[in-house]
Every structure is written in C-alpha cells, then in structure tokens.
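Scroll down for the structure; my scribbles are underneath it.
Derivation of every value follows stated rules applied to the coordinates shown; laboratory data play no part. None of these values were measured; they are calculated from a predicted model. Note: ideal-geometry Cβ built from the backbone for every residue, glycine included; neighbour counts use all protein chains shown.
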C-alpha cells in the first residue's frame, strides 16, 4: 500500500500532534507525538513502526490533539505518558465515547 498524502488542511498546520492509539475499546493504549499525523498513523497501521505498537496491534486512532509548535506537543505527550490510565480513558470517552477510529477523519 502506498503512503497516503497529507490533506492540504493538515499540511498547512505546522507544529505537532499528540495522539492515542488503541487495539480495541478499553484496550491497550499508546501515547505518541509527531509533526505529521497522517504519515505516522499510516506507519502504525501498516506495521512499519516497530516496538510496542506493533507488538500489541495498536492501530486505532482514538484521540489526537494539535499544537502550534512541536515543543508544546512533546511536553503534552510527556505529561500524558505519566497520567494514570483512567485519566487517558476519560479523555478518550469525553471526545470519542464509541472509540471510533479517527484515521478517516484526518485523511480529509
């Protein structure tokens, strides 16, 4: 499968993104940061990102946040990685109670 192109709306957005992946509703979670959300999620979905996400089949984008600069995104990711699991689940439920895969939404 070829790499997806980034929609013009996301391409114009400089800065960074914090995202949460899951393998199923209320399943295993992963918090990550990137400057190119479409590319990074595609890499996870295609199994190109070795490590934790590949090992546990984390391919469902359940939450993301956009930041004007990458430094703010990195700080938010570090903060969220230290949160208790319940706080992350609460954040997902607040914006995505059905744990829908948001990947199609970021594709435009």
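Take each peptide in 38-50, 94-106, count the other Cβ atoms within 10 Å of every residue, and average; sorted highest first, the result is 38-50, 94-106.
Report the Stokes-Einstein translational diffusion coefficient (µm² s⁻¹, integer) for the chain, Rh taken as the Kirkwood radius over Cα pairs, at 4 °C with viscosity 1.567 mPa s. Translational diffusion coefficient: 93 µm²/s. Between the C-alpha center of the stretch 13-55 and that of the stretch 63-91 there is a gap of 13 Å. Across the chain, C-alpha contacts under 8 Å between residues 6 or more apart give a mean separation that, scaled by the residue count, equals a relative contact order of 34 percent.
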